[in-house]
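Here is the structure we will look at.
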Amino acid sequence: MFTEERYADTVKRVKISENNTLFFISLIEHKTKVDYNVSMQLLRYMVYIWEDYEKEMERAHKGITKTRDFKYPPILPIVYYEGSGEWTAVRNFQDRVFLPEVFGAFTPRFLYKLIQLHKYSMEDLVDKNDELSFVMLINRLQGTEEFREMNLPDR
């Protein structure tokens, strides 16, 4: 899923049912500075993901995408912001299009989840004791001295 010529940072299929039929896709884009066009970038990636999904389903079940009951999987777009300043870009794609109050019904509308690394203290991340917090913690480190000062638990 999501062919090589398309470069999102992370695309994962997350199974939420035992029979492998119900899942969602997380799309994670990393940013070190505010990117005011990230919503367009995410929209483009979302369309690529759905196109790839459609092709995958057609290979498995010819004609399925033309049926009434065919559905595309939900995508959770996430921006993982590692910058030190506040994120000031809009999070609703419609806010990047002229006259949303007039043409809103005809314009794609979605929000992305924003994770701002600087909003978490080192202690918060250590206390969470999970894999995502560990990755966030590593991303917060600026040098070996900071690593030594963290007093990580032995485990």
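Rg/Rh for the stretch 10-78 (Cα atoms only, Rh after Kirkwood) is 1.04.
Label-to-label distance, residue 123 versus residue 54, with points set 7 angstrom from Cα along the beta-carbon direction: 5.2 nm. Near the amide H of residue 76, within less than 5 Å, lie the amide hydrogens of 25, 26, 27, all on another chain or at least 5 residues away, with H placed in the peptide plane.
We did not get these values from a lab; they are worked out from the coordinates using the rules stated. Since the structure is predicted, the reported quantities are computational estimates derived from the model, not experimental observations. Note that we place each Cβ from the backbone using ideal geometry, even for glycine, and neighbour counts take in every protein chain shown.
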